[in-house]
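Peer 1: Before anything else, here's the structure in question.
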Amino acid sequence: MANENKNNSSYKVYVFVFFSAVLLALSLWVVWDDEFGLRPWKKYQEEFKTMKHDQLEKDYRKAVVEFQRSGGHKRLAELEAQLAKAETSFQSGGTQEKYKQLTKQFDDLHAQSVINQKELQNARGQFLETEYYFTKTQKPEYKVKMDELQRQIDAITLRGNALQKKEEVLKNSISAITSGKAHLEAEIERMKSGIEDLKEKIANNNKVAVEIKQIHIKDIDKADRCQTCHIGIDGKRQVSVLQPFARHPASFVYLDHHDPTKFGCTFCHRGQGRATTSTEKAHGNVKHWDEPLLAGDMTQTSCLNCHGDIKGLRGAEEIVNSTELLKKYGCYSCHKIPGYETMGDVGPVLTEVGTKVNYSWAVKWLLDPKLYFSTARMPKFFFTQDQAESIADYLFSMSGTTRHDVDYSKETPNAKLVEQGKALWSQARCNLCHTTGGRGGNHVKVYAPDLSKVGSKVNKEWLFRWLKNPNAYFPGTKMPRFRFTDEDIKSLVEYITSEYKDDEAEPKYVQPVEIQVASIKKGKDLVQKYGCYGCHKLQGMEEMVQIAPSLKSQGVSFLRGDEMREKIGTELSSIGSKPLEMLDFGKLKKSIPNDRLSYIKQKLRDPRGYRLGLRMPDFRLAESEINELAAVLYGFTDSNVPVRFMVPSRQELDRMAGVQSYKFTGDFAKVIADVKCTNCHSIRGIGADYAPDLSYAGSKLQEGWIRNFLANPDVIRPLLQQMPKLGLTSGKPAAKITMPRFNLGQQKVEDTNRTDVDVVINFFQQELVSNDIPKKIPVITTMTMPEQISKGKNLYDEKGCKSCHQIGTEGGALGPNLSNVGNRLNPGFIFKHLENARKFKPDIVEPDYGFTERERIYLTNFLMTLKLNTK
Amino acid sequence: MQKSIKIRKFAVVAALSLLVIAGCGKKPAPSGKNDLKKTVTADSAAVTGKKVPFALKEGKRLFSHYCAVCHGETGDGSGQYYGLTPAPANFTDKAFMKTLSNEKLFKAIMEGSASVGKSNMCPPWGKSFHSEELEFIVTYIRTLAVN
């Protein structure tokens, strides 16, 4: 029994000892974890401090060595000796006494002056008070008092001035005594300052506290602690290129325009701003955190949150390029995307397509557009042969009753006409936009169809009508109306239909066959189901506009709520911030990563892959296009954006201000609608950047030159136009690129008495002028014109202008040829252009030389002498 | 005998409870700077596919827009703009690039080729760019040298 008792008690002791040990260990662990385990950032801050210290220390040592090397220490010793001498002489009997005496006098005077000042204030106050009563009551006694006070004020002011003069004199005598010393002191201070500054910086760095660094943005209630680890992110100087110590790249673009203390980090980069315990958590790469960190190019999707118009936005280059894909594939045709509501239809009008194309071609095209040409933008809908025929039947039934084909392959073309047509084809620069046989198509952003096989697609009658007036068949098409004669058009039609044929075409309905009514109904149902009317104009379906989910909610848009178009069967969502559980991964739940970006990419890769019954067609996007589009879609969020962050586009600003956005009006609008100048040129923000911006053409160009140029377009910048432009596919075969000849000037504009050239010139001179561009340049009167011109010529040679510009046969081909610049440009434009070329074209290659005004006058006067006799 | 079994039982329970306690702790945090630097590239890659450093990407973009016309897309001095005398510098020449300090390269771009005692054919870019942008270009040019 006793033995058992003993056993029992020793057992209890073991238990006690064991749990004590566990408790102790736990307590120690808790303390350790709280201090270090949960605060990994402490190490980074310490490390950063050490690195910064080392850097400053190095600077300091370098500065000291430099100081010694340049004999600074000797000079300093000299100065100090001089200062000591000056100090002793200053302290010596006579000087010191005089100094004391003068300072005392000065102090007394100053005290008087202060009292005087107070009296003056007092008197002025009284005067104002009296004046107030006088104006209110008009009693003469106030007037008397006012005069009295005015006299007092004058007297006090006089006294004050006298005192001030005396003070000045005393001050000078005092400084005469101390100036030698003060001068020496300042000199010593200056010599020491560089080194002292560094010392101070080192001391300050040592004092920096190791602590959580947090930015709190009240209006969106975001608290970012990113700088706790990314300690050098907004530093002026790179301490280490390694993360997390590196500076923000290109901070002159990003941070300078988005003060981190006002924007924070996660607003653009996402991630979990509050987490500080581990990298994974802070960067949001953990389960149940839907906003993983954005880094690199992907961060640019955040620009879309606030910037209404990102075209040309510095630092957003990648996302700007990517948004072009939305336009290319016309995503906005089926999905609601605020900001894209006014975009035109991405596909052609189909109302009369039966008069245009072969039935066999239409069926083939519906089955797989890429079989016809590989760059086709229309997606594949996975129709069966039967379905495709039904749709074609429906489309053909709108303008006829039969399935019909034409086949020109058996006909012998008229050789003479073909020859004429070929010449015209190259003169009109058709290959600038259209690709044939892998050549041409340099202006990719107009997405003109490949014409390699067009002879087996369309019929001659339609082609004739089309070339005669494209707008008549397809209002709003990008195809310009060349002012061809009927004879010209006939030859072009003959050339096109005989030259560009599809050897594999199988025209089955050369003998027309009647369309079955049942098939039409079936085709119509399919057209409605798959929303063909989203991209194509179709009779009777004009009002149906959207069939797919919205990609961007109104939450992020700016005053656009009431402008949303009616949509059919859609949900309001913001794909880039849609909660994960609302994304239907369906069949692929287990096979792809369950995050938003993977979802979007997979959807683009295989639009109908998630489950049965999906209708989105397959665009057969390249993997690079998928990445780019996904980046854009990821930026469509409904994040809560404070108004102060918003940068509305110009159109939105106009809308908010209740004014009409810039629109072409009058006769010029008719010319634009016909010749489609804005396919290539940009005018006041409307149009493309393929050809020079014409917004200030009236101030820039001379009338005579415009007339000549429109009649016979010539190459102005031989090399630049052939350069693979940023954002365009590089490596396109360089066709000869000049402006096409539209044969302007021969016809009158509808309802007017003027030719199109007159209308263009009138518009340029009336509307496209800038107040910034002077009509005349300043005149230098002290120098003769020949002298100025010769100075300009010297400058031209000295600065190496010829490396880009050509005069006569000498010089480069990158910039405009200047041989005829005196006839082409207005002097005011040259003068302004030389001051700041980027003002007129932000990505211009020409650098800023920093010319003075005189130099610009010389150069302008020189350039204006360069003229060719064109007539 | 009974005692030793009890103690053993106890030891097992204790060990298990310790395991449980240990399991309650968080996963080991990445410790040390090396771990951290690794995770930076690895975790961003998950969402972003970030591969090229910003300076290089931006340097390349600027180079191909402003410089490549003379110096060539690959920097070998054979741009579309042939027939220049003197010929544009060949940045792919390793021996030549070794003789060129970053400071000199920077100065030549910033103040024009004439400022480093060469012809005036390469203009001064300093007023058109932020100095950081010029650094991007220099960084990029430095990667062009091949054997």
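Peer 1: Identify all residues within the stretch A:223-236 that are in contact (Cβ under 8 Å) with a residue 40 or more places away in the chain and more than 10 Å from every other protein chain (Cβ to nearest Cβ); write none if there are none.
Peer 2: Here is the first cut: in the stretch A:223-236, the residues in contact (Cβ under 8 Å) with a residue 40 or more places away in the chain are A:223-226, A:228-229, A:231-232.
A:Ala223, A:Asp224, A:Arg225, A:Cys226, A:Thr228, A:Ile231, A:Gly232, listed by residue number.
Peer 1: Which one is nearest to the chain's Cα centre (by Cα) among residues in the stretch B:85-109 that are crowded, with 16+ Cβ neighbours inside 10 Å and closer than 18 Å to A:Cys804 by Cα?
Peer 2: B:Ile109
Peer 1: Can you spot a residue in the stretch A:845-861 that is basic (Lys, Arg), closer than 29 Å to B:His65 by Cα and surrounded by 18 or more Cβ atoms within 10 Å (Cβ to Cβ)?
Peer 2: Yes, that holds for at least one residue.
Peer 1: Let me ask something additional. Taking only the stretch B:73-125 into account, find how many residues are farther than 19 Å from B:Phe136 by Cα, more than 13 Å from every other protein chain (Cβ to nearest Cβ) and not in a loop (DSSP other than H, G, I, E, B).
Peer 2: Of the residues in that region, 5 qualify.
Peer 1: So for the stretch A:370-379 (the condition being touching a helix residue (DSSP H, G or I) at 6+ places or on another chain (Cβ under 9 Å), over 22 Å from A:Glu514 (Cβ atoms), outside the structural domain of A:Gly441 (by TED's automatic domain parsing) and among the charged types (D, E, K, R)), does at least one residue qualify?
Peer 2: No, the stretch A:370-379 contains no residue that is touching a helix residue (DSSP H, G or I) at 6+ places or on another chain (Cβ under 9 Å), over 22 Å from A:Glu514 (Cβ atoms), outside the structural domain of A:Gly441 (by TED's automatic domain parsing) and among the charged types (D, E, K, R).
Peer 1: Would you say A:Leu128 is surrounded by 14 or more Cβ atoms within 10 Å (Cβ to Cβ) and either assigned by TED's automatic domain parsing to the domain that holds A:Glu196 or not in a helix (DSSP H, G or I) (or both)?
Peer 2: When the stated conditions are applied, A:Leu128 does not pass them.
Peer 1: Can you find, within the stretch A:782-807, the residue that is surrounded by the most Cβ atoms within 10 Å (Cβ to Cβ) among those that are basic (Lys, Arg) and part of a helix (DSSP H, G or I)?
Peer 2: Filtering the stretch A:782-807 for residues that are basic (Lys, Arg) and part of a helix (DSSP H, G or I), the one surrounded by the most Cβ atoms within 10 Å (Cβ to Cβ) comes out as A:Lys791.
Peer 1: In the stretch B:137-147, how many residues are surrounded by fewer than 19 Cβ atoms within 10 Å (Cβ to Cβ) and not in a helix (DSSP H, G or I)?
Peer 2: 4
Peer 1: Against the condition among the hydrophobic types (A, V, I, L, M, F, W, C) and under 18 Å from A:Glu494 (Cα atoms), how does A:Ala428 come out, does it pass?
Peer 2: For A:Ala428, the condition - among the hydrophobic types (A, V, I, L, M, F, W, C) and under 18 Å from A:Glu494 (Cα atoms) - is met.
Peer 1: Taking A:Val659 as meeting all but one of (1) in a loop (DSSP other than H, G, I, E, B); (2) assigned by TED's automatic domain parsing to the domain that holds A:Cys331; (3) modelled with pLDDT under 85, write down the number of the exception.
Peer 2: (2)
Per-residue answers, yes or no, for (1) of a type in the set (A, V, I, L, M); (2) within 16 Å of A:Lys327 (Cα to Cα):
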{"residue": "A:Pro617", "(1), (2)": "no, no"}
{"residue": "A:Val632", "(1), (2)": "yes, yes"}
{"residue": "A:Phe668", "(1), (2)": "no, no"}
{"residue": "A:Ile672", "(1), (2)": "yes, no"}
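Peer 1: Now a separate question. Does the stretch A:102-109 contain at least one residue that is β-branched (Val, Ile, Thr), part of a helix (DSSP H, G or I), modelled with pLDDT of 85 or more and exposed (fewer than 12 other Cβ atoms within 10 Å of the Cβ)?
Peer 2: Narrowing the stretch A:102-109 to residues β-branched (Val, Ile, Thr): A:103.
Keeping just the survivors that are part of a helix (DSSP H, G or I) gives A:103.
With modelled with pLDDT of 85 or more added as a condition, the list becomes A:103.
Narrowing the set further to residues that are exposed (fewer than 12 other Cβ atoms within 10 Å of the Cβ) leaves none.
Checking the stretch A:102-109: not a single residue is β-branched (Val, Ile, Thr), part of a helix (DSSP H, G or I), modelled with pLDDT of 85 or more and exposed (fewer than 12 other Cβ atoms within 10 Å of the Cβ).
Peer 1: Residue check: is A:Asn442 of a type in the set (S, T, N, Q), farther than 21 Å from A:Ala362 by Cα and buried (at least 19 other Cβ atoms within 10 Å of the Cβ)?
Peer 2: yes
Peer 1: While we're on this one: Being in contact with a His (Cβ under 8 Å, 6 or more places away or on another chain), in a loop (DSSP other than H, G, I, E, B) and not hydrophobic (A, V, I, L, M, F, W, C) narrows it down to one of A:Gln238, A:Gln243, so name that one.
Peer 2: From the options A:Gln238, A:Gln243, the qualifying one is A:Gln243.
One line per residue, one yes/no per condition, for (1) touching a residue at least 60 places away in the same chain (Cβ under 8 Å); (2) more than 30 Å from A:Glu35 (Cβ to Cβ); (3) in a loop (DSSP other than H, G, I, E, B); (4) of a type outside the set (A, V, I, L, M):
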| residue | (1), (2), (3), (4) |
| --- | --- |
| A:Ala275 | no, no, yes, no |
| A:Asp290 | yes, yes, yes, yes |
| A:Gln300 | yes, yes, no, yes |
| A:Gly312 | yes, yes, yes, yes |
| A:Glu318 | yes, yes, no, yes |
| A:Ser322 | yes, yes, no, yes |
| A:Lys336 | yes, yes, yes, yes |
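Peer 1: Just to verify a result, which residue in the stretch A:676-716, among those that are among the β-branched types (Val, Ile, Thr) and in a helix (DSSP H, G or I), is nearest to A:Asn469 (Cα to Cα)?
Peer 2: Step one: list which residues in the stretch A:676-716 are among the β-branched types (Val, Ile, Thr), which gives A:678, A:683, A:686, A:706, A:715-716.
Now narrow it down to the ones that are in a helix (DSSP H, G or I): A:678, A:706.
Numbers: A:Thr678: 18, A:Ile706: 25 Å.
Checked the stretch A:676-716; the qualifying residue nearest to A:Asn469 (Cα to Cα) is A:Thr678.
Peer 1: Hey, among A:Ser624, A:Ser639, which residue is modelled with pLDDT of 90 or more and within 27 Å of the chain's Cα centre (by Cα)?
Peer 2: That would be A:Ser624, the only listed residue that is modelled with pLDDT of 90 or more and within 27 Å of the chain's Cα centre (by Cα).
Peer 1: A:Thr299 - would you say it is surrounded by fewer than 22 Cβ atoms within 10 Å (Cβ to Cβ), within 12 Å of another protein chain (Cβ to nearest Cβ) and at pLDDT 85 or above?
Peer 2: On the way: surrounded by fewer than 22 Cβ atoms within 10 Å (Cβ to Cβ): no; within 12 Å of another protein chain (Cβ to nearest Cβ): yes; at pLDDT 85 or above: yes.
Against the criterion (surrounded by fewer than 22 Cβ atoms within 10 Å (Cβ to Cβ), within 12 Å of another protein chain (Cβ to nearest Cβ) and at pLDDT 85 or above), A:Thr299 does not qualify.
Peer 1: Quick check on B:Leu134: is it more than 9 Å from every other protein chain (Cβ to nearest Cβ), in contact with a Gly (Cβ under 8 Å, 6 or more places away or on another chain) and assigned to a loop (DSSP other than H, G, I, E, B)?
Peer 2: On the way: more than 9 Å from every other protein chain (Cβ to nearest Cβ): yes; in contact with a Gly (Cβ under 8 Å, 6 or more places away or on another chain): yes; assigned to a loop (DSSP other than H, G, I, E, B): no.
No; evaluated as a whole, the condition is false for this residue.
Peer 1: Give just the number: which of (1) out of contact with any helix residue (DSSP H, G or I) (no Cβ under 9 Å at 6 or more places or on another chain); (2) buried (at least 16 other Cβ atoms within 10 Å of the Cβ); (3) more than 26 Å from A:Thr279 (Cα to Cα); (4) not aliphatic (A, V, I, L, M) does A:Tyr60 not satisfy?
Peer 2: Going through (1) out of contact with any helix residue (DSSP H, G or I) (no Cβ under 9 Å at 6 or more places or on another chain); (2) buried (at least 16 other Cβ atoms within 10 Å of the Cβ); (3) more than 26 Å from A:Thr279 (Cα to Cα); (4) not aliphatic (A, V, I, L, M) one by one, A:Tyr60 breaks only (1).
Peer 1: For A:His258, state whether it is within 28 Å of the chain's Cα centre (by Cα), closer than 23 Å to B:Phe129 by Cβ, at pLDDT 90 or above and not assigned by TED's automatic domain parsing to the domain that holds A:Asn640. Walk me through it before giving the result.
Peer 2: Values: within 28 Å of the chain's Cα centre (by Cα): yes; closer than 23 Å to B:Phe129 by Cβ: yes; at pLDDT 90 or above: yes; not assigned by TED's automatic domain parsing to the domain that holds A:Asn640: yes.
Considered against the rule, which asks whether it is within 28 Å of the chain's Cα centre (by Cα), closer than 23 Å to B:Phe129 by Cβ, at pLDDT 90 or above and not assigned by TED's automatic domain parsing to the domain that holds A:Asn640, A:His258 comes out as yes.
Peer 1: What's the number of the condition A:Glu810 fails, among (1) within 14 Å of chain B (Cβ to nearest Cβ); (2) in contact (Cβ under 8 Å) with a residue 40 or more places away in the chain; (3) more than 23 Å from B:Phe63 (Cα to Cα)?
Peer 2: Checking A:Glu810 against (1) within 14 Å of chain B (Cβ to nearest Cβ); (2) in contact (Cβ under 8 Å) with a residue 40 or more places away in the chain; (3) more than 23 Å from B:Phe63 (Cα to Cα), the one that fails is (2).
Peer 1: Can we say A:Arg644 is surrounded by fewer than 17 Cβ atoms within 10 Å (Cβ to Cβ), in contact (Cβ under 8 Å) with a residue 24 or more places away in the chain and on the phi < 0 side of the Ramachandran plot?
Peer 2: Numbers: surrounded by fewer than 17 Cβ atoms within 10 Å (Cβ to Cβ): yes; in contact (Cβ under 8 Å) with a residue 24 or more places away in the chain: yes; on the phi < 0 side of the Ramachandran plot: yes.
Yes; evaluated as a whole, the condition is true for this residue.
Peer 1: Scan the stretch A:685-702 residue by residue and report those that are at pLDDT 90 or above and surrounded by fewer than 20 Cβ atoms within 10 Å (Cβ to Cβ).
Peer 2: Correct list: A:Gln702 only.
Peer 1: So A:Trp361 ticks every box in (1) without any contact (Cβ under 8 Å) to a residue 60 or more places away in the chain; (2) within 30 Å of A:Val444 (Cα to Cα) but one. Which box is left unticked?
Peer 2: (1)
Peer 1: Assuming A:Lys841 fulfils every condition listed in (1) within 14 Å of chain B (Cβ to nearest Cβ); (2) within 30 Å of A:Arg481 (Cα to Cα); (3) of a type in the set (Lys, Arg); (4) touching a strand residue (DSSP E or B) at 6+ places or on another chain (Cβ under 7 Å) apart from one, which condition is it?
Peer 2: A:Lys841 satisfies all of (1) within 14 Å of chain B (Cβ to nearest Cβ); (2) within 30 Å of A:Arg481 (Cα to Cα); (3) of a type in the set (Lys, Arg); (4) touching a strand residue (DSSP E or B) at 6+ places or on another chain (Cβ under 7 Å) except (4).
Peer 1: Let me ask something additional. Does A:Ser251 count as part of a loop (DSSP other than H, G, I, E, B), within 9 Å of chain B (Cβ to nearest Cβ) and small (Gly, Ala, Ser)?
Peer 2: On the way: part of a loop (DSSP other than H, G, I, E, B): yes; within 9 Å of chain B (Cβ to nearest Cβ): yes; small (Gly, Ala, Ser): yes.
For A:Ser251, the condition - part of a loop (DSSP other than H, G, I, E, B), within 9 Å of chain B (Cβ to nearest Cβ) and small (Gly, Ala, Ser) - is met.
The values are calculated or read from the model by the stated rules, or taken from the named source; none is laboratory data. All figures in this text were calculated on a predicted structure; none of them were measured in a lab. Positions of Cβ are backbone-derived with ideal geometry, glycine not excepted, and every protein chain shown enters the neighbour counts.
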